[in-house]
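Reviewing the structure listed below.
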Amino acid sequence: MSQTALDLLPQAPDAGGTDPVTRTGFQIGWDHARHAMVPPPELLLEGTPVAQGWMASRAVFGARTLAATRTVRLWLQLRTTAWRQGLGFDDLQVTPHYLAQIHNERCPVLRQPLGGVTGSPLAAVVERLNPQAGYAAGNLAVMSQAAADARRGLGVPDLIRRARQAELCGDTVAGLDAAAWWRLAALSAFALPALPFADAARLPLALLPPNRVRVLGAAQGLQVLVTQLFLRPGWSGRARAIGAMLPAHTLRHDFNLFVGAMAPRVLEAGTDPATLRSALEDAWCHERVQRRWQHFVLTLGETACESLLEQAVRTGLAGVRLLTHPAEQAVDGWGLPIAQQASQSPAQAAPAQRAGGAFTPARPPKNRSATTGARLS
């Protein structure tokens, strides 16, 4: 009796050889064909890993393809970009579902609706907040093309200088006003593990972190948490609870002065969530709010700030769902240079003394597999 040899379906990660770059390129081509997508023409030249993966996948699946949704197309695009630029891509966490979670309808920097053709000023783009890191969970945010172009090549000190320059001249600088530059500076600083505590304490929280952006510094983490106190009714009781956690009455007095500086902005904004959020972000650029905050947090100190943040997150005072990350996992998969990872503060480097090295504001996911840390309520 004649027998026909049947080959098992090729496993894409191993089909491209042992070289990681080749294997990744093969997998990108494989997934393009699996979703009936065609990679860029220059990557389909004969013998390239992407072309090999694309042709192998077409041979296996033929017309039995999967739907290429908007987030799937974006996922393939980002993976291809990362591969071509030699950047890391965390394919375990940065999935189409994750990209759907970080999607914004409005640019957080310009506060304008996103839309338009690719390359237009208001077209939505996914940006890496820390340019030294790869495409990893916690390091990605959606913004407009104009905002992405404005921050390109600039570090946080450069962004702060642009903001102050715009404040002094009372006009736009490189197309953005002072408030937009402050928002860019705050957004970029979230993903910097090496930002000194004193510098972070003096940086206005001109932008609350977008969904799933990871906040690595204790000073900014505490800023985010206390700002969240004002987003729901009953904020005065939650503020008193934070004050009760402080170790000295002088610190409680300083914190109450800060709350008193923020309160008028909360009352003026009303109850509309979007208006209140913008008003709180803008409040951080007011001189009185900044003065009260800096006096409080610099007197508190880095160690006590980390302790207060840990206690407040654990008790759920923010009133929103947060994902906490142990210190050793805070930048896991980011592909940071060793120098940046080694420059974390002692509290970040000692997970036994601290519950989390970072936390991530998050909307409730559609399924539990979307979470990357402890669930707090």
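The values are calculated or read from the model by the stated rules, or taken from the named source; none is laboratory data. This structure is a prediction, so every number in the text was calculated from the model and none was measured. Every residue, glycine as well, gets a Cβ built from its backbone with ideal geometry; the counts of neighbours run over all protein chains shown. Heads up: the accessible areas ignore ligands, DNA and RNA and are worked out on the full protein's heavy atoms, side chains in. Shrake-Rupley method; radii C 1.70, N 1.55, O 1.52, S 1.80 Å.
For the condition within 15 Å of the chain's Cα centre (by Cα) and surrounded by fewer than 18 Cβ atoms within 10 Å (Cβ to Cβ), Pro113 does not qualify.
Output the number of residues of region 116-134 satisfying the condition of being within 18 Å of Asp90 (Cβ to Cβ), part of a loop (DSSP other than H, G, I, E, B) and open to solvent by less than 30 Å² (accessible area, probe 1.4 Å). Please lay out each step first, then the result.
Going residue by residue through region 116-134, those that are within 18 Å of Asp90 (Cβ to Cβ) are 126-134.
Within this subset, residues satisfying the condition of being part of a loop (DSSP other than H, G, I, E, B) are 129-134.
Still in the list and also open to solvent by less than 30 Å² (accessible area, probe 1.4 Å): 129-130, 133-134.
Counting residues in region 116-134 that are within 18 Å of Asp90 (Cβ to Cβ), part of a loop (DSSP other than H, G, I, E, B) and open to solvent by less than 30 Å² (accessible area, probe 1.4 Å) gives 4.
Looking at the structure I just gave you, is Ala239 hydrophobic (A, V, I, L, M, F, W, C) and over 18 Å from the mean Cα position of the chain (by Cα)? Yes: the conditions hold for Ala239. Among the residues of region 49-74, those identified as under 30 Å from Ala124 (Cα atoms) and part of a loop (DSSP other than H, G, I, E, B) are Thr65, Leu66, Ala67, Ala68, Thr69. Taking each residue of region 110-122 that is touching a residue at least 24 places away in the same chain (Cβ under 8 Å) and looking for partners that are among the charged types (D, E, K, R) and open to solvent by less than 50 Å² (accessible area, probe 1.4 Å) with beta-carbon atoms closer than 6 Å, six or more apart or interchain, yields nothing. In summary, helices (runs of 4 or more DSSP H) completely within region 135-207 and bearing 3 or more residues that are free of Cβ contacts under 8 Å to residues at least 60 places away in the same chain and surrounded by fewer than 18 Cβ atoms within 10 Å (Cβ to Cβ) occur at 156-169.
I'd like to know if region 95-112 contains one or more residues that are modelled with pLDDT of 95 or more, assigned to a strand (DSSP E or B) and aromatic (Phe, Trp, Tyr). No, region 95-112 contains no residue that is modelled with pLDDT of 95 or more, assigned to a strand (DSSP E or B) and aromatic (Phe, Trp, Tyr).
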